[in-house]
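Trainee: This is the structure I have questions about; it appears just below.
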Amino acid sequence: MIKGKIEIHDKFSVIIDVTYDTISKKKKSKYTTLTYLFLPDSLNINGKTYTGAKFYNDVRLFLKYDTPNYSLEEISSGERFLLNNLAKNTKICIKNSSKENLSRFKNQVKMFAATFSSLLRDETDSFIKRKEISNDETIAFLEKIKLILSEFRDIVVLLKNTSLKDAHKNVMFYADEHMSNVVELELMKLFNSFKNRKIGTNSLELIVALIESEQKYKKQKNYVSPKDKNVNPEDLLYKRNRLKKYIESVFFLYQDIRKDGALFEQTVLALAAGLAMVFSTAVAFYYQQLYGNFTMPFFIALVVGYMLKDRIKGSVSQLFVSKSHSLFYDYKIKVTNAFDNKIGIIKEKFSFVPLKKLGAKVKKHRQKDMVIGISERSLNEQIIEYKKKVTIYPKKFGNDLTDENIIGLTDITRLNFHRFIQYMDDPKKDYILVKKGEVYMKAANKVYNINIIQKYYAEEGIEFSRYRVIMNRNGIKRIEKVVLD
């Protein structure tokens, strides 16, 4: 099963998040994704001005294990859930701090903190989207957070009073500080939402109390806290970002990127050189027999033969390589885990495609919700096709982590659109409004729509999704999901 979404990362970048879920334990899992970017011709992005090298410079690919499918209640209850596993592994590590136990302990700490943070973000967003929220529900949500933090911090205290080296203890302290940061930020989002919707003051007071409690806790533990007057806000944000990357690194995978078909290409080039050499040698033998050695005609024949040899080598090489381009992708990425075990292969390919080569369904989805009812030929768009072929090997998948519920791989692709703004008009344009006999000049945003259609091939069948990125010269304004039939 494939799950995908597109979100704004910053004012010039979007994140395309695709999760390949439920990896088979018996056979290879294979997926293919096609991402089409429909660009207005006025942006001057085409095969001449926007090469593959520029595209891959604007794309960053991150691969990670999908966060296990828990709820906040589940991670702190039951014998086999994360908090209990963390407590057991911590006690084992305290008794026997072998290299294997330390590695398992560190991964477990980071995995718990990263999972808690992800679940808290998801549940906060879900909580905010609800139309009606009672004060009792808010209390229950906050109590759930406090319970998990309390149980986790019992383990922190347990570890602090042991003889383990500070370098090993710091992993737990970093996780504790990161979780506190995430609680503070998510509750701030919740507070702003409640305040804007004028939800009961009692709920707001409870949220503020927990935020303040966390800030005091961080100051007490000598973590970087906004309560500390000596803290530079720049340093505070920098450390928060570093902690986030450190904790979440437990789920991220390693990439070995190489050009696809490199061996075949070198073989083809060698064959082209061989053919050219055969020609030049045959010319030399022939004119040697005809005119003999050390004659002017033989010398001229050798020079001409070597001139033609270089041209033949270059022409045949170019022909072979261009013909073989359709057989290979641009890059081949070997995906490995923390134990350096290969768990998958991803191949990626970039190209501009003409409208007539798109499938009927892609054309149909592109024409949905058109502002002006025009034919597909009149759209006058440049179309980028970004293709990925994903193969996942089940044997080593997730064996570097201790959680059996890790059964998905998430592909995070960051696309930067900054290069697209070069030929955009000014972000504001005037228009005329006549009201009560008076003429007014009004200003409106001048925007461009970049349509993105994704086509997923999986064992369950083919799925489509479409998004509209609305941006101007100042950056991305919003992303709209287009509901397909």
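Trainee: E265 - would you say it is surrounded by 12 or more Cβ atoms within 10 Å (Cβ to Cβ), of a type in the set (D, E) and modelled with pLDDT under 75? Spell out the reasoning first.
Mentor: On the way: surrounded by 12 or more Cβ atoms within 10 Å (Cβ to Cβ): yes; of a type in the set (D, E): yes; modelled with pLDDT under 75: yes.
In short, yes.
Trainee: Going by the conditions given, is K239 under 31 Å from the mean Cα position of the chain (by Cα), outside the structural domain of T413 (by TED's automatic domain parsing) and either more than 13 Å from H178 (Cβ to Cβ) or free of Cβ contacts under 8 Å to residues at least 60 places away in the same chain (or both)?
Mentor: Taking the combined requirement at face value, the residue satisfies it.
Trainee: If I ask for residues that are over 25 Å from F252 (Cβ atoms), in a helix (DSSP H, G or I) and of a type outside the set (A, V, I, L, M), which ones from segment 89-106 would you list?
Mentor: Result: K91, K95.
Trainee: Something else now. Return the residue satisfying two criteria in turn: it lies in segment 376-432 and is among the charged types (D, E, K, R), at pLDDT 85 or above and assigned to a loop (DSSP other than H, G, I, E, B), and of such residues it is surrounded by the fewest Cβ atoms within 10 Å (Cβ to Cβ).
Mentor: Among them, the one singled out is D426.
Trainee: Further, regarding this structure: Yes or no: segment 47-55 includes at least one residue that is free of Cβ contacts under 8 Å to residues at least 24 places away in the same chain, basic (K, R) and not assigned by TED's automatic domain parsing to the domain that holds E143. Steps first, please.
Mentor: If we filter segment 47-55 for residues that are free of Cβ contacts under 8 Å to residues at least 24 places away in the same chain, which is where we start, we get 48-49, 51, 53.
Subsequent filtering for residues that are basic (K, R) retains 48.
When the remaining residues are screened for being not assigned by TED's automatic domain parsing to the domain that holds E143, the result is 48.
Scanning segment 47-55 turns up at least one residue that is free of Cβ contacts under 8 Å to residues at least 24 places away in the same chain, basic (K, R) and not assigned by TED's automatic domain parsing to the domain that holds E143.
Trainee: So, one more: Quick one: which residue in L149, L158 is buried (at least 17 other Cβ atoms within 10 Å of the Cβ), assigned by TED's automatic domain parsing to the domain that holds K95 and either of a type in the set (S, T, Y) or in a helix (DSSP H, G or I) (or both)? Full working, then the answer.
Mentor: Numbers: L158 fails: buried (at least 17 other Cβ atoms within 10 Å of the Cβ).
Only one candidate qualifies: L149.
Trainee: Output the residues belonging to segment 433-462 that are more than 30 Å from T32 (Cβ to Cβ) and in a strand (DSSP E or B).
Mentor: Filtering segment 433-462 for residues more than 30 Å from T32 (Cβ to Cβ) gives 433-447.
The answer is L433, V434, K435, E438, V439, Y440, M441, K442, A443, A444, N445.
Trainee: Going by the structure shown, is L185 surrounded by 19 or more Cβ atoms within 10 Å (Cβ to Cβ) and under 30 Å from the mean Cα position of the chain (by Cα)?
Mentor: no
Trainee: Kindly list the number of the only condition in (1) without any contact (Cβ under 8 Å) to a residue 24 or more places away in the chain; (2) among the charged types (D, E, K, R); (3) buried (at least 17 other Cβ atoms within 10 Å of the Cβ) that fails for K218.
Mentor: (1)
Trainee: On to the next question. Could you look through segment 74-95, keep only residues that are of a type in the set (D, E, K, R) and modelled with pLDDT of 80 or more, and pick out the one that is nearest to the chain's Cα centre (by Cα)? Write out each step before concluding.
Mentor: Narrowing segment 74-95 to residues of a type in the set (D, E, K, R): 74, 79-80, 88, 91, 95.
Next cut, modelled with pLDDT of 80 or more only: 88, 91, 95.
Numbers: K88: 33, K91: 36, K95: 40 Å.
Step by step, filter segment 74-95, then rank; the result is K88.
Conditions tested, residue by residue: (1) part of a loop (DSSP other than H, G, I, E, B); (2) among the acidic types (D, E); (3) farther than 20 Å from P226 by Cβ.
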{"residue": "A167", "(1), (2), (3)": "no, no, yes"}
{"residue": "Y174", "(1), (2), (3)": "no, no, no"}
{"residue": "K195", "(1), (2), (3)": "no, no, no"}
{"residue": "I207", "(1), (2), (3)": "no, no, no"}
{"residue": "L210", "(1), (2), (3)": "no, no, no"}
{"residue": "E214", "(1), (2), (3)": "no, yes, no"}
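Trainee: Which condition number in (1) farther than 25 Å from M111 by Cα; (2) hydrophobic (A, V, I, L, M, F, W, C); (3) modelled with pLDDT under 90 is the one that L158 fails?
Mentor: So L158 meets the others, but not (1).
Trainee: If you take the residues in segment 444-468 that are closer than 30 Å to I432 by Cα and not charged (D, E, K, R), which one is surrounded by the fewest Cβ atoms within 10 Å (Cβ to Cβ)?
Mentor: Here the answer is A444.
Trainee: Take I133 and decide whether it is outside any helix (DSSP H, G or I) and in the same structural domain as L190 (by TED's automatic domain parsing). Give the steps one after another, and end with the answer.
Mentor: Numbers: outside any helix (DSSP H, G or I): yes; in the same structural domain as L190 (by TED's automatic domain parsing): yes.
Here the answer is yes, as I133 does meet what is asked.
Trainee: May I pose another question? Being within 22 Å of I257 (Cβ to Cβ) and polar (S, T, N, Q) is true for just one of T67, T90, T33, T49. Which residue is that? Before you say what the answer is, go through the steps one by one.
Mentor: Numbers: T67 fails: within 22 Å of I257 (Cβ to Cβ); T90 fails: within 22 Å of I257 (Cβ to Cβ); T49 fails: within 22 Å of I257 (Cβ to Cβ).
The unique qualifying residue is T33.
Trainee: Looking only at segment 1-51, which residues are under 17 Å from P354 (Cα atoms), of a type in the set (D, E, K, R) and part of a strand (DSSP E or B)?
Mentor: none
Trainee: Examine segment 124-131 for a residue that is within 27 Å of the chain's Cα centre (by Cα), closer than 27 Å to H9 by Cβ and small (G, A, S), and state whether such a residue exists. Show your work before the answer.
Mentor: Initially, segment 124-131 is screened for residues within 27 Å of the chain's Cα centre (by Cα), giving 124-129.
Remaining after also requiring closer than 27 Å to H9 by Cβ: 124-129.
Filter once more, so that each one left must be small (G, A, S): 126.
Within segment 124-131, one or more residues are within 27 Å of the chain's Cα centre (by Cα), closer than 27 Å to H9 by Cβ and small (G, A, S).
Trainee: Within segment 54-77, which residues are farther than 29 Å from Q108 by Cβ and of a type outside the set (F, W, Y)?
Mentor: Step one: filter segment 54-77 for residues farther than 29 Å from Q108 by Cβ, giving 54-59.
K54, N57, D58, V59 - these are the residues of segment 54-77 that are farther than 29 Å from Q108 by Cβ and of a type outside the set (F, W, Y).
Trainee: Let me ask something else about it. Quick check, is I406 within 30 Å of F252 (Cα to Cα) and among the hydrophobic types (A, V, I, L, M, F, W, C)? I'd like the intermediate steps shown before the answer.
Mentor: On the way: within 30 Å of F252 (Cα to Cα): yes; among the hydrophobic types (A, V, I, L, M, F, W, C): yes.
For I406, the condition - within 30 Å of F252 (Cα to Cα) and among the hydrophobic types (A, V, I, L, M, F, W, C) - is met.
The values are calculated or read from the model by the stated rules, or taken from the named source; none is laboratory data. Keep in mind that this is a model prediction, so the values were computed, not measured. All Cβ positions, glycine included, derive from the backbone under ideal geometry; neighbour counts span all protein chains shown.
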